[in-house]
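> Quick one: this structure, given as C-alpha cells, is what I'll be asking you about.
The values are calculated or read from the model by the stated rules, or taken from the named source; none is laboratory data. Every value quoted in this text rests on a predicted model; they were computed, and no experiment measured them. Note that each Cβ is placed from the backbone with ideal geometry, even for glycine, and that neighbours are counted across all protein chains shown. The area values use the complete protein model at the heavy-atom level, side chains included, leaving out ligands, DNA and RNA. Shrake-Rupley method; radii C 1.70, N 1.55, O 1.52, S 1.80 Å.
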Amino acid sequence: MASTADAPGVPGGPPAGVPGGPPADAPQDLIRLLQDFTLEANHYVDAAGGKNDMHRTDLNALAVIMRHTAAGRVVTPGVLRSELRLSSPATTALVDRLHASGHVTRERLGTDRRQVQLHMTPKAYSDGSAMFMPLALRMGQAMSSYSDTELEVVRRFMSDMVDATVAARQEASQPKPN
C-alpha cells in the first residue's frame, strides 16, 4: 500500500507537472470542478424545492435555522435577514411562507414579547429529509470507494475552500477605495 507521501496531489507527494504528480493545470481543473459542483448542487436544490413548492431562499432559511439550532443558538428573523442578506420586508415574507407551509413555528422570547424565535417543525425535518435523502444517498455511494485517508484530505480541502470563499466574499463586499 502506497503512503500518502507517494500520493499525487497530497502534501509531501510529487509536485504538479512531474511524473506521478498531478497535471500542471490541476488547480484550474479543481476550480472548474468546484464551479460545476456548485452549479449542479444549485440545480438539485431548484428541482427538489420546485417539486415541493419551496423557493431556494426557503430551503436556505431552513438550513440556517437547522445550523444555528444544532449549535444551541437562538434563531430570529434578524438572524435570517443577516445571513441570507434579505431586506426586512423580504424576511417577513419568507417567515410568513415558512410558517404558512408548516415548516416553522414562531415563539415569543422571554420578557421582550416583540422578539420572535423561529423553530423548525417535524414537518420541516420530514420534508427536508425527503428532498435531500436521494442526494445524500448518491453522495454516500460516490464516497464509499474512497479510503478514510483520502476522505480526510477531501474534508480538509473542502473546509479550506469554504474558508477561502468566505474570505473572498468578505473582501468583495468591502467598499471600493477612492
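> Taking the stated definitions as given, is L62 of a type outside the set (K, R), in contact with a Gly (Cβ under 7 Å, 6 or more places away or on another chain), part of a helix (DSSP H, G or I) and open to solvent by less than 70 Å² (accessible area, probe 1.4 Å)?
Details: of a type outside the set (K, R): yes; in contact with a Gly (Cβ under 7 Å, 6 or more places away or on another chain): yes; part of a helix (DSSP H, G or I): yes; open to solvent by less than 70 Å² (accessible area, probe 1.4 Å): yes.
Yes; evaluated as a whole, the condition is true for this residue.
> For segment 67-89, which residues satisfy the criterion of being in contact with a helix residue (DSSP H, G or I) (Cβ under 8 Å, 6 or more places away or on another chain), assigned to a helix (DSSP H, G or I) and either of a type in the set (A, V, I, L, M, F, W, C) or open to solvent by 40 Å² or more (accessible area, probe 1.4 Å) (or both)?
V79, L80, R81, E83, L84, S88
> So which residues in segment 126-178 are small (G, A, S) and assigned to a helix (DSSP H, G or I), if there are any at all?
S126, G128, S129, A130, A136, G140, A142, S159, A164, A167, A168, A172 - these are the residues of segment 126-178 that are small (G, A, S) and assigned to a helix (DSSP H, G or I).
> Among the residues of segment 155-166, are any farther than 27 Å from D46 by Cβ and out of contact with any strand residue (DSSP E or B) (no Cβ under 8 Å at 6 or more places or on another chain)? Break it down into steps so the answer makes sense when it comes.
We begin by selecting, within segment 155-166, every residue farther than 27 Å from D46 by Cβ; these are 156, 160.
Next cut, out of contact with any strand residue (DSSP E or B) (no Cβ under 8 Å at 6 or more places or on another chain) only: 156, 160.
Scanning segment 155-166 turns up at least one residue that is farther than 27 Å from D46 by Cβ and out of contact with any strand residue (DSSP E or B) (no Cβ under 8 Å at 6 or more places or on another chain).
> Sticking with this structure for a sec: What are the residues in segment 126-153 that are among the hydrophobic types (A, V, I, L, M, F, W, C), over 24 Å from G50 (Cβ atoms) and open to solvent by 90 Å² or more (accessible area, probe 1.4 Å), if any?
If the condition is that a residue be among the hydrophobic types (A, V, I, L, M, F, W, C), over 24 Å from G50 (Cβ atoms) and open to solvent by 90 Å² or more (accessible area, probe 1.4 Å), then M143 is the only one that fits.
> Since Y125 meets every condition but one in (1) in contact (Cβ under 8 Å) with a residue 24 or more places away in the chain; (2) out of contact with any strand residue (DSSP E or B) (no Cβ under 8 Å at 6 or more places or on another chain); (3) of a type outside the set (V, I, T), which condition does it not meet?
(1)
> Within the set of pairs 6 or more residues apart or between chains, which connect a residue that is under 17 Å from Q28 (Cβ atoms) inside segment 155-170 to a residue that is part of a helix (DSSP H, G or I) and open to solvent by less than 80 Å² (accessible area, probe 1.4 Å) with Cβ atoms less than 8 Å apart?
Once the first residue is under 17 Å from Q28 (Cβ atoms) and sits in segment 155-170, its partners that are part of a helix (DSSP H, G or I) and open to solvent by less than 80 Å² (accessible area, probe 1.4 Å) give M161/L34.
> For segment 26-45, does any single residue satisfy the condition of being at pLDDT below 90 and small (G, A, S)?
Yes, segment 26-45 contains at least one residue that is at pLDDT below 90 and small (G, A, S).
> Further question on the same structure: Could you say which residue among R114, R156 is under 17 Å from the mean Cα position of the chain (by Cα) and open to solvent by 80 Å² or more (accessible area, probe 1.4 Å)? Break it down stepwise before answering.
Numbers: R114 fails: under 17 Å from the mean Cα position of the chain (by Cα).
Step by step, each of R114, R156 is checked, and only R156 is under 17 Å from the mean Cα position of the chain (by Cα) and open to solvent by 80 Å² or more (accessible area, probe 1.4 Å).
> With respect to R81, is the statement that it is touching a Ser or Thr at 6+ places or on another chain (Cβ under 8 Å), of a type in the set (K, R) and free of Cβ contacts under 8 Å to residues at least 12 places away in the same chain true?
Details: touching a Ser or Thr at 6+ places or on another chain (Cβ under 8 Å): yes; of a type in the set (K, R): yes; free of Cβ contacts under 8 Å to residues at least 12 places away in the same chain: yes.
It is true that R81 is touching a Ser or Thr at 6+ places or on another chain (Cβ under 8 Å), of a type in the set (K, R) and free of Cβ contacts under 8 Å to residues at least 12 places away in the same chain.
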